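Student: Once you've had a glance at the structure underneath, I'll fire off some questions.
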Amino acid sequence: MRVAFDMIGELEAALRGAAAAAGVADGDFMPGVRTSDPRHGDFQANGVLAAAKKAGRPPRPLAEAIVARLGPDVREAFDVSVAGPGFVNFAARPALLLAWLRAHTSPDDLARGAAAAHAGETWVVDYSSPNSAKQMHVGHLRSAVIGEAISRLVSFTGARVVRDNHVGDWGTQYGKLIWAYKRHLDGPALGRDPLEEFERLYKLGNAAAESDPAVMEEARAELVRLQAGDAANTEIWRRINEASLASFQGIYERLGIRFDVTLGESFYNDKVEAVYSGLSGSGVSSESQGAQVVFHPEHPRFKTQPLIVRKSDGAANYATTDLATILYRCEHFRAGVILYVVDKRQSDHFEQLFLTARKWFERTGRALPRLEHVDFGTVLGENGKPLRTRTGDNVRLRDLLDEAAERAFDLVTKKSPEFPEDERRAIAEVVGVGSVQYADLSQNRSSDYVFSWEKMISLEGNTAAYLLYALARIRSIFRKGGLECPDPAAEAAADAPATPGEAALARKLLKFADSVRLATETLSPHFLCLYLYELAGEFSTFYGADKVIVDDPVVRARRLMLCSRTLLVMETGLGLLGLRTLGRM
RNA sequence: GCGGUGGUAGCUCAGGAGGAUAGAGCAACGGUUUUCUAAACCGUCGGUCGCGAGUUCGAGUCUCGCCCACCGCGCCA
């Protein structure tokens, strides 16, 4: 039996053919196939109702006519029925379940199937993008975690992905920082923790400038020197950035993040002239109060609220570098899609930016890539306000991850005290960091979410630990039995899923492709999280009901095969989210 | 003021381009282990989907109005 990875696409194609044969005009039918409530089957097509209306035909007979014209391959794979006013239900037959299990034995099998979606495309993903000279804090968490998961999803579905860390390494804060660096640098402190020292210096410089106009003048002069390419200031700036990136790297490693390029704002310093001239030359921008600005008369708000592309003092701002960045990504990377994984509070900025870029590109004969602001909500404390420490400071990402690992360590120690300490530490890092990542990803990204250690590491419900635990139990079966996973020779004896637990698990495995497609299409990893959680739930039910290591060789073979595939899909899925997995916990 | 996002069970949240009896988890209550990891599993209880109209075979989902919460709004990013 032929098994498609994208079963929904396959069913839609079959339905279109059948609908045409039943006399439905081609453009009038959107099959609308989706996974369905298990009570109704595995997939359902809702599109017949709308098509019937359009064609002026009674829906139920039309559905029956379409179903009657489905080919033998579909009938062989699915039990097809018409329900209610005209829903078409598809229930996978045991033979299809078995065929799917046999067809997907390795990560490559899954990857090959998924890679058709975006083959040949180039996507640039702009994420994380912290400011240099500052510690990464909780405000940087979501962009990093969501951006990484989306990058992996897009890459898995076939695109060439350029992960770009657009670091904020250029800005007015450097005047004060360099001023303080030259006068108050604490060498030993710098050696211990550079970012700590930079922050101290910045605060010091800022306070001095606020209270003393002379200092303010000097700081401004330092900035001018830096921007003019002064050797000493450039060297200080370079050192600050180098140390910053090295510090960020520690966080990225814990979160499983690796960028392809790190092109900060400074990279675009020599590319902003093209923006000024391009915008004014094409008539997109105008002059207002000494600044170069772009109004959008057709927009209710941006007709009066301009995008400032050049400040009245002649300097660039982030709108300028963002525009230069779009052009660079098009010309240098040949980007077809650019994603900005940035806080939703910046949605106005991106809307203006994209409008401006579109006009600029149109009038200069360039093809505009798909530009998308992948926004996300704020991490809140249990008081419903943005998460802060008791003292009201930003929660540093390093401290947050440390605490997660520490809490996980206490738990592992309680549950598995017999494990050696270094293993408990290693498990705690995976569980702790994974819990933070998963808590972030499992929620709809565009809404704010409440950060709760309790729920995150409580290990009940839709959490990383629940998933990792299910995985550890599967591995344990193979370990205890001294078995290979997968073992093609042993699996040859397997027959089709038979018990309710086996069938439910196999049916869920079948829907992995849909969860990946849905998560990627909507750039919402939480759909994949939900799927993995449900899969782990089906596995746990199966595990409780059906003993795997039994004497009957056929039963044992098919259950081992189910375990092996569940492991494969769980690991692949968690990998796409950026989580690591464990052998035992 | 203008604009954006949200309001679903006591709590935290899902709900795909309008589809079938609105789903999970936590909490509460009850049950399951001489058997592969009980960090688990099974069951019960729990809903005027903010309010009011409208669109239609059908609305948590679309339209309009209102209420509430959060966020953004010229030279920061």
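Rundown of residues vs (1) in the same structural domain as A:ALA19 (by TED's automatic domain parsing); (2) touching a helix residue (DSSP H, G or I) at 6+ places or on another chain (Cβ under 8 Å); (3) under 30 Å from A:VAL337 (Cβ atoms), yes/no style:
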position	(1), (2), (3)
A:ASN46	yes, no, yes
A:LYS54	yes, yes, no
A:ILE66	yes, yes, no
A:ARG69	yes, yes, no
A:PHE78	yes, yes, no
A:VAL82	yes, yes, no
A:THR105	no, yes, no
A:ARG112	no, no, yes
A:TRP123	no, yes, yes
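Student: Here is a further query. Any idea which of (1) touching a residue at least 24 places away in the same chain (Cβ under 8 Å); (2) more than 7 Å from RNA strand B (Cβ to nearest atom); (3) of a type in the set (A, V, I, L, M) is the one A:VAL550 doesn't satisfy?
Tutor: With (1) touching a residue at least 24 places away in the same chain (Cβ under 8 Å); (2) more than 7 Å from RNA strand B (Cβ to nearest atom); (3) of a type in the set (A, V, I, L, M) applied to A:VAL550, the lone miss is (1).
Student: Considering each of A:ARG220, A:ARG239 in turn, give the residue that is part of a helix (DSSP H, G or I), outside the structural domain of A:VAL430 (by TED's automatic domain parsing) and in contact with a Gly (Cβ under 8 Å, 6 or more places away or on another chain). Before the answer, list the steps.
Tutor: Numbers: A:ARG239 fails: in contact with a Gly (Cβ under 8 Å, 6 or more places away or on another chain).
The unique qualifying residue is A:ARG220.
Student: Please specify each residue of the range A:47-61 satisfying the condition of being part of a helix (DSSP H, G or I) and more than 7 Å from RNA strand B (Cβ to nearest atom). Before the answer, list the steps.
Tutor: Applying the first criterion (part of a helix (DSSP H, G or I)) to the range A:47-61 yields A:47-55, A:59-61.
Once the filter is applied, which keeps residues that are part of a helix (DSSP H, G or I) and more than 7 Å from RNA strand B (Cβ to nearest atom), the range A:47-61 yields A:GLY47, A:VAL48, A:ALA51, A:ALA52, A:LYS54, A:ALA55, A:PRO59, A:ARG60, A:PRO61.
Student: Which one of A:ILE251, A:ILE257 is at pLDDT 95 or above, outside any helix (DSSP H, G or I) and either in contact with a strand residue (DSSP E or B) (Cβ under 6 Å, 6 or more places away or on another chain) or away from RNA strand B (no atom under 16 Å from the Cβ) (or both)? Even if it seems obvious, please write down each step before you answer.
Tutor: Values: A:ILE251 fails: outside any helix (DSSP H, G or I).
Being at pLDDT 95 or above, outside any helix (DSSP H, G or I) and either in contact with a strand residue (DSSP E or B) (Cβ under 6 Å, 6 or more places away or on another chain) or away from RNA strand B (no atom under 16 Å from the Cβ) (or both) holds for just one of A:ILE251, A:ILE257, which is A:ILE257.
Student: Residues of the range A:4-45 being within 13 Å of RNA strand B (Cβ to nearest atom) and in a loop (DSSP other than H, G, I, E, B), which ones?
Tutor: Selection gives A:ASP6, A:PHE29, A:MET30, A:PRO31, A:GLY32, A:SER36, A:ASP37, A:PRO38, A:ARG39, A:HIS40, A:GLY41, A:ASP42.
Student: If you scan the range A:506-530, which residues turn out to be part of a helix (DSSP H, G or I) and either closer than 25 Å to A:HIS373 by Cβ or among the β-branched types (Val, Ile, Thr) (or both)?
Tutor: Narrowing the range A:506-530 to residues part of a helix (DSSP H, G or I): A:506-509, A:512-521, A:526-530.
Residues satisfying the conditions are A:SER515, A:VAL516, A:ARG517, A:LEU518, A:ALA519, A:THR520, A:GLU521, A:HIS526, A:PHE527, A:LEU528, A:CYS529, A:LEU530.
Student: Another question, if that's okay. Given the conditions (1) surrounded by fewer than 19 Cβ atoms within 10 Å (Cβ to Cβ); (2) small (Gly, Ala, Ser); (3) under 32 Å from the mean Cα position of the chain (by Cα), which single one is not true for A:ALA498?
Tutor: Only one criterion in (1) surrounded by fewer than 19 Cβ atoms within 10 Å (Cβ to Cβ); (2) small (Gly, Ala, Ser); (3) under 32 Å from the mean Cα position of the chain (by Cα) is unmet by A:ALA498, namely (3).
Student: While we're here: Within the bounds of the range A:291-314, is there any residue that is within 12 Å of RNA strand B (Cβ to nearest atom), within 16 Å of A:ARG358 (Cα to Cα) and among the small types (Gly, Ala, Ser)?
Tutor: No, because not a single residue in the range A:291-314 is within 12 Å of RNA strand B (Cβ to nearest atom), within 16 Å of A:ARG358 (Cα to Cα) and among the small types (Gly, Ala, Ser).
Student: Right, another one. Would you mind stating whether A:ASP79 is acidic (Asp, Glu), within 16 Å of RNA strand B (Cβ to nearest atom) and either under 24 Å from A:GLU534 (Cβ atoms) or within 31 Å of the chain's Cα centre (by Cα) (or both)?
Tutor: Values: acidic (Asp, Glu): yes; within 16 Å of RNA strand B (Cβ to nearest atom): yes; either under 24 Å from A:GLU534 (Cβ atoms) or within 31 Å of the chain's Cα centre (by Cα) (or both): yes.
In short, yes.
Student: What is the number of the single condition among (1) aliphatic (A, V, I, L, M); (2) at pLDDT below 95; (3) touching an Asp or Glu at 6+ places or on another chain (Cβ under 7 Å) that A:LEU353 does not meet?
Tutor: Going through the list (1) aliphatic (A, V, I, L, M); (2) at pLDDT below 95; (3) touching an Asp or Glu at 6+ places or on another chain (Cβ under 7 Å), A:LEU353 breaks only (2).
Student: Only residues in the range A:436-460 that are closer than 19 Å to A:SER143 by Cβ and charged (D, E, K, R) count as the first member; pair them with residues that are assigned to a helix (DSSP H, G or I) and modelled with pLDDT of 90 or more, Cβ under 6 angstrom, at least 6 apart or cross-chain, and list the lot.
Tutor: Pairs found: A:ASP440/A:ARG142; A:ASP440/A:VAL145; A:ARG445/A:ILE146.
Student: For the range A:327-341, does any single residue satisfy the condition of being of a type in the set (A, V, I, L, M), crowded, with 22+ Cβ neighbours inside 10 Å and within 30 Å of A:GLY392 (Cβ to Cβ)?
Tutor: Yes; the residues of the range A:327-341 include at least one that is of a type in the set (A, V, I, L, M), crowded, with 22+ Cβ neighbours inside 10 Å and within 30 Å of A:GLY392 (Cβ to Cβ).
Student: Looking at the range A:42-63, which of its residues are buried (at least 17 other Cβ atoms within 10 Å of the Cβ) and under 11 Å from A:PHE87 (Cα atoms)?
Tutor: Listed by number, the residues that qualify are A:PHE43, A:GLN44, A:ALA45, A:GLY47, A:VAL48, A:LEU49, A:PRO59, A:ARG60, A:LEU62, A:ALA63.
Student: For the range A:493-500, indicate whether the set of residues that are assigned by TED's automatic domain parsing to the domain that holds A:ILE549, of a type in the set (D, E, K, R), closer than 24 Å to A:ARG388 by Cβ and away from RNA strand B (no atom under 11 Å from the Cβ) is non-empty.
Tutor: Of the residues in the range A:493-500, the ones assigned by TED's automatic domain parsing to the domain that holds A:ILE549 are A:493-500.
Those left that are additionally of a type in the set (D, E, K, R): A:495.
Remaining after also requiring closer than 24 Å to A:ARG388 by Cβ: none.
No, every residue in the range A:493-500 fails to be assigned by TED's automatic domain parsing to the domain that holds A:ILE549, of a type in the set (D, E, K, R), closer than 24 Å to A:ARG388 by Cβ and away from RNA strand B (no atom under 11 Å from the Cβ).
Student: Might you let me know whether the range A:359-378 holds any residue that is in contact with a helix residue (DSSP H, G or I) (Cβ under 7 Å, 6 or more places away or on another chain), within 10 Å of RNA strand B (Cβ to nearest atom) and assigned to a strand (DSSP E or B)?
Tutor: Yes, there is a match, as at least one residue in the range A:359-378 is in contact with a helix residue (DSSP H, G or I) (Cβ under 7 Å, 6 or more places away or on another chain), within 10 Å of RNA strand B (Cβ to nearest atom) and assigned to a strand (DSSP E or B).
Student: Next question, about the same structure. Does A:LEU97 count as in a helix (DSSP H, G or I) and under 34 Å from the mean Cα position of the chain (by Cα)?
Tutor: It is true that A:LEU97 is in a helix (DSSP H, G or I) and under 34 Å from the mean Cα position of the chain (by Cα).
Student: Of the residues A:LEU532, A:LEU568, which is closer than 29 Å to A:ILE257 by Cβ and either surrounded by fewer than 23 Cβ atoms within 10 Å (Cβ to Cβ) or in contact with an Asp or Glu (Cβ under 6 Å, 6 or more places away or on another chain) (or both)? Spell out how you get there, then give the answer.
Tutor: Numbers: A:LEU532 fails: either surrounded by fewer than 23 Cβ atoms within 10 Å (Cβ to Cβ) or in contact with an Asp or Glu (Cβ under 6 Å, 6 or more places away or on another chain) (or both).
Going through A:LEU532, A:LEU568 in turn, just one is closer than 29 Å to A:ILE257 by Cβ and either surrounded by fewer than 23 Cβ atoms within 10 Å (Cβ to Cβ) or in contact with an Asp or Glu (Cβ under 6 Å, 6 or more places away or on another chain) (or both): A:LEU568.
Student: Given the conditions (1) without any contact (Cβ under 8 Å) to a residue 40 or more places away in the chain; (2) among the acidic types (Asp, Glu); (3) in a helix (DSSP H, G or I), which single one is not true for A:GLU418?
Tutor: The one condition A:GLU418 does not meet is (3).
Student: So, in the range A:446-478, of the ones that are basic (Lys, Arg) and either modelled with pLDDT of 95 or more or assigned by TED's automatic domain parsing to the domain that holds A:ILE146 (or both), which residue ends up nearest to RNA strand B (Cβ to nearest atom)? Working first, answer last.
Tutor: Within the range A:446-478, the first condition is being basic (Lys, Arg), and the residues that meet it are A:455, A:473, A:475.
With either modelled with pLDDT of 95 or more or assigned by TED's automatic domain parsing to the domain that holds A:ILE146 (or both) added as a condition, the list becomes A:473, A:475.
Values: A:ARG473: 4, A:ARG475: 7 Å.
It comes out as A:ARG473.
The values are calculated or read from the model by the stated rules, or taken from the named source; none is laboratory data. All of these numbers come straight from a predicted model, not from anything done at the bench. In this analysis, Cβ positions are derived from the backbone assuming ideal geometry, glycine residues included, and neighbour counts consider all displayed protein chains.
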